[in-house]
Amino acid sequence: MARQSEIETNDIDLAAVYMTVTRRNPEMYIEPGDKLVTFQLPADETTRNVMLAYAAGTLELNVKRFAACRARLYRKAREVCQ
């Protein structure tokens, strides 16, 4: 079984955590007829480590930067949905 090259999620907080840690913007799209934006993250070691630390509650973030990233993703998601 081949590994996926991308991880997809609808979790804006997870996408914001990824963005905060890596300083990279996740790709986003919306399927026709869907109401939720899907964020695409690369399926690399960095992303996996971020996801595991986030899920375990052991990830330490700059809260101000996280909030700014989340707000930016929220605005972008609204644009994609319109």
(message) Just the residues that are outside any helix (DSSP H, G or I) and surrounded by 11 or more Cβ atoms within 10 Å (Cβ to Cβ), please, taken from the range 60-82.
(response) LEU61, ASN62
(message) Given (1) hydrophobic (A, V, I, L, M, F, W, C); (2) within 15 Å of LEU14 (Cβ to Cβ); (3) modelled with pLDDT under 95, identify the lone condition not met by CYS81.
(response) (2)
(request) Select from the range 12-33 the residues that are in a loop (DSSP other than H, G, I, E, B) and under 15 Å from LYS76 (Cβ atoms) and list them in ascending order. (result) ARG24, ASN25, PRO26, ILE30
(message) I'm trying to understand the selection: among the residues of the range 34-59, which are touching a strand residue (DSSP E or B) at 6+ places or on another chain (Cβ under 7 Å) and either in a helix (DSSP H, G or I) or closer than 21 Å to VAL80 by Cβ (or both)?
(response) VAL37, THR38, PHE39, GLN40, LEU41, PRO42, THR47
(request) Residues being closer than 24 Å to SER5 by Cα and of a type in the set (Lys, Arg): count how many of those fall in the range 33-69. (result) 1
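The values are calculated or read from the model by the stated rules, or taken from the named source; none is laboratory data. Because the structure is a prediction, the values reported are computed rather than measured. Every residue, glycine as well, gets a Cβ built from its backbone with ideal geometry; the counts of neighbours run over all protein chains shown.
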